[in-house]
Amino acid sequence: MELKVLKKEIEELRTITSDLLRFKHSWIKQVKPGTNQQYFFLHQLKITSKKKLNSLLKEYQLILKQLNYVSFTQEKMVTLSGYLIELKLAQFNKDPFKPAIIYKKFTQDDFLNLNQMKDEINQLDFDLSLLKRNYQQVNRFLKAELSARNYTKLSSGKHRYYLNKIILTAKKQQKWLNQITEEFKALTKNQQLLK
């Protein structure tokens, strides 16, 4: 793949942060006075059901906090794809110093190194699987507790759409990070770079 095309694809990829916020706003909150006004029927649940639901939603809040820590992943990938272009140009121009500097960005930089990026993507994948599992648990619980009409109203919200967009974006990020890694390996395969 051409490096400019790779960079453009990464730049055009949506960030998870905006869809995560939309999901958070469209999904239910813990059942307390003044919350979930579009889903007023949640306040009519039995006290034990409210406690169980709130317990599930508390876990959801913890997962969302974890997801906020990986919000810079896309920006880092855009930067790395730009460095790939610079690396290729420096090699083409036979620059004796710039490739070594860029190589260190990919391997030793505290903010940008590839191993750290892979760890962030893996953490994102893990956190999203927890979010999806929690979302399914809440839905199963509410399907059993609510009338068919109320459950249909709840499930017709945009929250499922945003959750699926978040998961799709994370998969694309994984794909692009793998592409960046492969391009980096190809560019540095036979190079003697200072480490």
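Every number here is computed from the coordinates shown, using simple stated rules; none is lab data. Here the structure is a predicted model, which means the values were calculated and not measured. Reconstructed Cβ throughout: ideal geometry from the backbone, glycine too, with neighbour counts over all protein chains shown.
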J(HN,Hα) series, the stretch 166-173, from Karplus relation 6.51 cos²θ - 1.76 cosθ + 1.60, nearest Hz, glycine and proline x: 4, 5, 5, 4, 4, 5, 5, 4
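To the nearest 20 debye, what is the magnitude of the charge dipole of the chain about its Cα centre, counting +1 on the Cβ of each Lys and Arg and -1 on the Cβ of each Asp and Glu? If you can, show how the numbers build up before the last one.
Values: 36 positive and 18 negative charges, 216 e Å.
Here the size comes out at about 1040 debye.
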Entries in Lys65/Lys118; Lys8/Lys172; Lys132/Lys171; Lys4/Lys76; Lys76/Lys158; Lys52/Lys165 that, when Cα-Cα distance is taken, lie over 18 Å: Lys65/Lys118; Lys76/Lys158; Lys52/Lys165
The chain: angle of helix 16-26 to the longest principal axis, Cα-based, in degrees nearest 10: 10
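Only counting other Cβ atoms within 10 Å, I'd like Met77, Met117 sorted with the fewest neighbours first. Walk me through the intermediate numbers first.
Details: Met77 24, Met117 21.
Ranking Met77, Met117 by Cβ neighbours within 10 Å, fewest first, gives Met117, Met77.
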Rounded FRET efficiency, nearest 0.05, which uses the C-beta distance separating Lys8 from Gln174 and R0 of 22 Å: 0.75
Of Leu53, Leu154, Leu146, the one that fluctuates the most in a GNM where the chain has Cα springs shorter than 10 Å: Leu146
Environment charge of Ala90, counting only residues whose C-beta is closer than 14 Å and scoring Lys/Arg +1, Asp/Glu -1: +3
Distance between the stretch 1-46 and the stretch 128-195 - C-alpha centres, whole angstrom: 11
In the stretch 30-72, the trypsin sites (Lys or Arg not before Pro) that fall in loop regions by DSSP, at most 10 other Cβ within 10 Å: Lys46
Vicinal HN-Hα couplings computed from phi for the stretch 176-184 (Karplus, 6.51 cos²θ - 1.76 cosθ + 1.60; Hz; Gly/Pro x): 5, 5, 4, 5, 4, 4, 5, 5, 5
Folded to 0 to 90 degrees: helix 98-107 orientation relative to the chain principal axis, Cα: 30
Charge dipole magnitude, Cβ of K and R +1, D and E -1 - the stretch 102-173, Cα centre, debye nearest 20: 560
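Between Rg and the Kirkwood Rh of the stretch 3-188, both from Cα atoms, what is the Rg to Rh ratio?
Details: Rg = 21.5 Å, Rh = 18.7 Å.
Value, to two decimals: 1.15.
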Crossing angle, helix 47-68 versus the chain [Cα axis fit, 0-90 degrees, rounded to tens]: 10
Contact order relative to length of the chain, as percent, for alpha carbon pairs under 8 angstrom and 6 or more apart: 37
